[in-house]
1. Quick check on this structure: which one of A:GLU115, A:GLU99, A:GLU172 is assigned by TED's automatic domain parsing to the domain that holds A:GLY271 and part of a helix (DSSP H, G or I)?
2. Kindly provide the set of residues from region C:94-115 that are modelled with pLDDT of 90 or more and outside any helix (DSSP H, G or I), ordered by number.
3. Restricting to region B:162-200, give me the number of residues that are over 22 Å from C:SER109 (Cβ atoms) and of a type in the set (A, V, I, L, M).
4. Residue by residue through region B:53-89, note down the ones that are more than 28 Å from B:PRO134 (Cα to Cα) and surrounded by 17 or more Cβ atoms within 10 Å (Cβ to Cβ).
5. Quick one: which helices (runs of 4 or more DSSP H) lie wholly within region B:73-159 and hold at least 1 residues that are modelled with pLDDT of 95 or more and facing chain C (nearest Cβ under 9 Å)?
6. Would you please name the residue that is farthest from the other protein chains (Cβ to nearest Cβ), looking only at residues in region A:359-387 that are over 21 Å from A:GLY211 (Cα atoms) and without any contact (Cβ under 8 Å) to a residue 24 or more places away in the chain?
7. State whether the residues of region B:226-247 include one that is at pLDDT 90 or above, more than 7 Å from every other protein chain (Cβ to nearest Cβ), farther than 29 Å from A:VAL274 by Cα and assigned to a helix (DSSP H, G or I).
8. Would you tally the residues in region B:37-51 being more than 10 Å from every other protein chain (Cβ to nearest Cβ) and within 30 Å of A:CYS265 (Cα to Cα)?
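The values are calculated or read from the model by the stated rules, or taken from the named source; none is laboratory data. Since this is a predicted model, take the numbers as computed values, not measurements. Here the Cβ is made from the backbone with ideal geometry for all residues, glycine too, and neighbour counts use every protein chain on show.
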Amino acid sequence: MRILKFLPILLLAACQGTSNQTGAEKQIEVFTWWTSGSEATALETVLDAYRVAYPEVDLINASVAGGGGSAARPILQTRLLGGNPPDSWQTHHGAELMEYYVNPDYVASLRDLYEAEGWYDLFSPALIDMVSRDGEPYLVILNLHRSNTLWYNKPLLAEHGVVIEDSLSFEELLGIAESLQRANIPAMCMGDTGIWATGIMFENTLVGTIGPERYLGLWNGTVSFTDPAVMAAIENYGRLLDYQNTDHAALSWDQAAEKLGDGYCAFYSMGDWVYGELIQNGLEENVDFGWVAHPGSEGTFLLVTDGFTLAKNAPNPTEATDLLRTMGDRVVQEDFNLLKGSICARTDCDRSRFGPYLQWSMDRYAEDVAVPTVIHGSAAPPAFQQALNDALTNFVVQRDPQAFAETLAREARAAGFGQ
Amino acid sequence: MSLKRGILWFILGFALILYALPVYVMIINGFKDASSVSLATMWQLPGRASLGGFTEAWAMLSPNLRNSLAMVIPAALLSSIIGALNGYVFSKWRFRGSEVLFALLLFGLFIPYQAILLPLVRFLQWINVYGTLPGLVLTHVVYGISVTTLIFRNFYVNIPGSIIEAATVDGAGMIETFWRVVLPLSLPAFAVTLIFQFTNIWNDFLFGITVVPNPKAQPVTIALNNLSGSFSVDWNVVMAGAVIAALPTALVYIGLGKFFVRGLVAGAIKA
Amino acid sequence: MVNPHWLARNKGLLILLPSLLLTAIFVYGFIGTSFFFSLTNWRTLAVDLSLRNPLWETYTDMLAMPRFQADLRNTLVFTVLFIGLAVGTGLGLAILLDRQIAGKGFFRSAFLFPYALSFIVTGVVWRWIFNPETGINLFFDILGINRVLESAGMSPLSPGWTTDPEVVLSVNQVLAHAWPGGATFQIEWGIPVALIPIAIAATWQLSGFVMAMYLGGLGGISKQVRDAARIDGAGEFRMYRSVIIPMLTPITISTAIILLHVSLKIFDLVFAMSGVGPGFATDVPAIFVFEMMFKAARYNLGAAASIVMLVASCLVIVPYLVHTFRSRET
């Protein structure tokens, strides 16, 4: 009989489940993987800006957590294939956008919006090129992260008589690593339960060793993964692996950042989402930690972006377009990026609002050659990205550069862009 | 005798400490504040207990707790009742081909759910229950049938056939026998299947999120998963959230626990 | 006059009918769809349902992948480790609690409690506990175990747990002798050390449920049976070993099958605890299916892996069913 007590709850919940589908009021659904901490707060500033401008619309924030969208993606894919898309969703630029969404025809062109808002003059041409196919843009970019930054614990290095200037060569890094090892300190911080974290160190070393032109050549088929320069990069990456903290395989990337801050290890080759993590742990930039371009990658900006699409046949196209317009607004981008710990995709943001690291990143973005990240899906199709992760998983244990290079070359051909 | 008791208590106490270790880590880290949760101090008690983790987790989880209850109660009850009926037929009213049918049902236990998401969503859309609570309950009931049937069948095998025969000789039909004779003996099996189904359905993530896209109608596990973001995780909130989300299930265990010891067949009947 | 047997049979069928119908759609219909996908060219997000030529190429490609070979090995090793540990522990706990003692209800709830927790979070906690630098290894020092070992001239105990890429007890040599094709295996066939902590964590989580199953069964064994055994002069241990445990066989079988479905489909716990592990030492087919389908968008490959998982479960289920068929005839 106790069941009867629950019956009203059941009926109530059942009605609730269906009522949202038939509601007549205007609504819009946006799908992201920013669900907690500073990311969620940053997202809320954007959504709030929209809610203030369009109070009559019910905005549904259908966020699903998971590193790099790991839990979010199955849901989104199933919904897209099932013909039930959200109005707008989050994705990285480049191959991920093209392969997942543009080729299968899931997203609509945003050319009209770009033209109406004058965005062709306010975003850099290189960036617009990365979100466009045949001259049609498909994404509004909200923020830019730099992936090829080498973070270091300043007091720890000072203790060992090391002062880093504006740049650091690979040989210098190895020299420091060697002397730290004698003091029983692992030079390189790593937390690769998610293999992508060591993947970042690999792609940073890759671009730092072979330079941006050849790096870009890898993705358009003019350079092979078995090229001697690439082999040298793999060797370099392997040498860095020798100086890692021994428990790297049991740590997540953010726990490695914590180790850096606590002085258990000295350097961390990682994207600048580390910056937000270090600040959150109460560390002060230029005092407790410093940064420099990953060795050899001065003049290159490995770009990780987050942007939003407009669904083709979106249930609420007008409302969705309004949301994307809000996302491209200068003040919205400033507010968002201050919280997210990244820089504006627009080029006209007020730099005085940002701290020293982010100002440095803005300067680098203005001067450097921007190249796409492969680890976050922008440089190569998803099948290759997965194959690279698998090859890295093997390489970290087996350390066979030849097998690693040959696997990548074979997978590049299978994915349709290799030689 | 007292030495034996002593050894028994020692073993149980030792097992208890081992079992509690992870829960200890979870709870003490749930009571730390965001900046002091760290691997290096994972075993240490918080310097000053902070409720921040629990209040934040509660704020994010509580709206979805009701959805979970509304989903798990009918789903666990329905699948257990269906399982009991199926198990009764498969153990006491076998017919030619019933083993084959049992095998076909049992096989459902092993399908990897990732692989069937797409046809599942299509089918639920087609019968017009996609995105609704009944659709989610239906999914959980269907995928629960095989395990509940298995548990009840193997449980009923132990019931002496003489009891069933006695009832039928008295003129009771198949259903009546089930209702009057078999069901009252089934409490331990119901305790097991309800615990199993309640826990599985309560902790399910994949179906909850694919079948119900609206965050306001989703079960609590999705909110729990959302406590950890893609790039930054407040471990104290995650740990606290896990404890909160586990409480309803734990209450069910305590409530059902006493039924385990009830005898399947009172010895008197058999003698 | 209707034959009562016929009536009973049809009543039985009638009761089963809804379950059978739902299973036909949700299990066989959907699996059939997946099987079809595994034979197609569908390897991007754009649906492509044209059949692959040669038809089975997705399967042959997959079986040649070192990663998938490692997954098959890991599933096998994990299943044996986990079911053995969980059944042993759960049975032991149930026997300990199968008597009148104070606090019985408390112990029962305490051992069951881990099962209430969501795998995705317990995975994180276990990852912390098995961290070789800050986790459980500290206790080897604190409890003085390492001091004893060192004084005995042995090296201190500090396992790498999930970070250890080693595969012990490799049988590749034996395989190569037994079967010429064995030499072409691209992985070490043995026990990946990193799977042991995962089996421990899974046992911690599930052994309370196993205990509950056995407590349900033990409650059904009447006092007369126990008394009869005692009159025969059997001690406590002998009584359990030769009388009670054999009587619990149906419970043991259902428990093993339920644990088998947990071990074949295990995902959240491994994903949170170690991911694919060093050199795929802890990768499992469910993670493979997930990554291929949803990260690499290779739908045909993910579907093929899930079909192989199903076929693998047949290898265990079919002998069980043959066993039940036989026992009915006798």
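1. A:GLU172
2. Hit for region C:94-115 is C:LEU97, nothing else.
3. So the count comes out to 12.
4. B:GLY53, B:PHE54, B:GLU56 - these are the residues of region B:53-89 that are more than 28 Å from B:PRO134 (Cα to Cα) and surrounded by 17 or more Cβ atoms within 10 Å (Cβ to Cβ).
5. By residue number, B:133-156.
6. The selected residue is A:GLN359.
7. yes
8. Residues in region B:37-51 being more than 10 Å from every other protein chain (Cβ to nearest Cβ) and within 30 Å of A:CYS265 (Cα to Cα): 7 in total.
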